[in-house]
């Protein structure tokens, strides 16, 4: 006989599984990311929540109400970058979403108009200066390693976010395209596909939804293939191992990979 407390626990558990499908209930969130261990990060204006694929909350972190989060970067599972555009500050968190360093002021360096930031695979930081259309490689103490201009390829005002993958810098533009630069600022490629602006750039094959089609795009072969059909609005999608993550407004659906 199942005890009443066990039944209650089952009912309030954040994920349910039905016919190979798992649904994680969430509140509203602005951005999402899946790290290389399959943990899910959800960001709202002042909060970041880390969940496992069952929907269990592993950790959560809050910033002050006066410092809204513009973006975060969890590509390095041991260190997470949180950027505040309005105040030109950033924080660094560990894998448990505990502050390593908080509210570091970029204006304490010579950088006064930072539009976007991301982590470097080498352990440093990347920062895009809107005033000079320049990307800086920064040490953690904000000393500048080197810099290069992006003026020939785009305008910093048109950059929505920036991320590093495979020693390349990916800059998402307001037109939905991704500009790819090498680590010294030379143009490698511009990727233009409807829906690709919602892709997470962290693997050789990325996934996005375009005109109800689930697209798998191989970044080495530059070949897009339709692998399924998704006829519902999402914030984006991601495939980890054999699972397809569909990020919706207040839930995450996890399905078998098509």
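Each reported figure results from applying straightforward, stated rules to the coordinates on display, with no laboratory input. Nothing here was measured: the structure is a model prediction, and the numbers come from that model. Heads up, the Cβs are rebuilt from the backbone with ideal geometry, glycines too, and the neighbour counts pull from every protein chain shown.
Among (1) 0.98; (2) 1.06; (3) 0.94, only one was calculated for this model; which label is it, if the read-out is Cα Rg over 2.2 N^0.38 Å?
The value computed from this structure is option (2).
Ordered by packing density, taken as the mean number of other Cβ atoms within 10 Å over each peptide's residues, highest first, how do 53-60, 76-83 rank?
Highest to lowest by the protection proxy: 76-83, 53-60.
Extension gain residue 211-residue 167, at 0.36 nm per residue separation less the Cα-Cα distance, in nm?
Gain on extension, residue 211 to residue 167, equals 12.7 nm.
Give, in nm to one decimal, the length gained when the segment between residue 76 and residue 47 is fully stretched (0.36 nm per residue of separation minus the Cα-Cα distance). Could the numbers behind the result be given before it?
Working: separation 29, 0.36 × 29 = 10.44 nm, distance 1.87 nm.
Extending this stretch completely gives an extra 8.6 nm.
Hey, what number do you get for the chain at 222 nm if only DSSP H runs of n ≥ 4 count, each worth -39500 (n - 2.57), divided across all residues, to the nearest 500?
Taken over the chain, the calculation gives -1000 deg cm²/dmol.
Would you calculate the separation in nanometres between label points at residue 187 and residue 251, each defined as 7 Å from the Cα along the Cα-to-beta-carbon direction?
Each label point lies 7 Å from its Cα, and together they span 4.4 nm.
Return a whole-number percent for the relative contact order of region 109-192, with Cα pairs under 8 Å and 6 or more residues apart as the contact set.
20 percent
Taking 2.2 N^0.38 Å as the expected size of a compact globular protein, what ratio does the Cα radius of gyration of region 109-192 give against it, to two decimals?
After normalising by residue count via 2.2 N^0.38 Å, the value is 0.98.
Give the relative contact order (percent, whole number) for the chain; include only Cα pairs under 8 Å separated by 6+ residues.
11 percent
Could you work out how much longer the chain between residue 68 and residue 146 gets when fully extended? Use 0.36 nm per residue separation minus the Cα distance between them, nm to one decimal. The partial results should precede the final answer.
Numbers: separation 78, 0.36 × 78 = 28.08 nm, distance 2.88 nm.
The residue 68-residue 146 span can extend by a further 25.2 nm.
Could you tell me whether region 129-258 comes out rounded, prolate or oblate from its Cα gyration tensor? Rule is a ≥ b ≥ c as square roots of the eigenvalues, rounded for a/c under 1.5, then prolate if a/b exceeds b/c, otherwise oblate.
prolate
Compute the separation of the alpha-carbon centres of region 193-217 and region 143-164 and state it in Å as a whole number.
Each part reduced to its Cα centre gives a spacing of 23 Å.
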